1. Could you tell me whether any residue of segment 5-23 is open to solvent by 100 Å² or more (accessible area, probe 1.4 Å), outside any helix (DSSP H, G or I) and at pLDDT 85 or above?
2. So LYS49 passes all but one of these: (1) among the basic types (Lys, Arg); (2) closer than 22 Å to ASN67 by Cβ; (3) loosely packed, with under 10 Cβ neighbours inside 10 Å. Which condition number does it fail?
Amino acid sequence: LYLSNLFWKKITKFVSNCLPSLTQKSASDYNNFDREFLSEKPKLSYSDKNLIESMDQSAFDGFSFINPKFEQILNK
């Protein structure tokens with residue numbers, strides 16, 4: 001309790017001054033990402049059909065895009 005009251009303001013000020021200031025010009029602006037990361041080819045990760053079916057999918061209600069490769073997996 002003593003430390004949290006004494007140092008909280010100083011700690012938050014220090015941390016906020018240490019973090020880089022990131023700017024985003026538009027929703028498609030990717031300038032804050034590492035060039036090496038951006039040059040990597042995307043890969044689909046393996047997914048277990050039974051695991052996916054056992055999870056609550058209501059968070060995706062109204063989601064309109066399904067990757068065609070994933071759709072083929074679901075239809076198997």
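1. no
2. (3)
The values are calculated or read from the model by the stated rules, or taken from the named source; none is laboratory data. If you're wondering where the values come from, they're calculated on a predicted model, not measured in any experiment. Glycine also receives a Cβ, built like all others from the backbone with ideal geometry; neighbour counts cover every protein chain displayed. Calculation scope for accessible area: heavy atoms of the full protein, side chains included, ligands and nucleic acids excluded. Shrake-Rupley method; radii C 1.70, N 1.55, O 1.52, S 1.80 Å.
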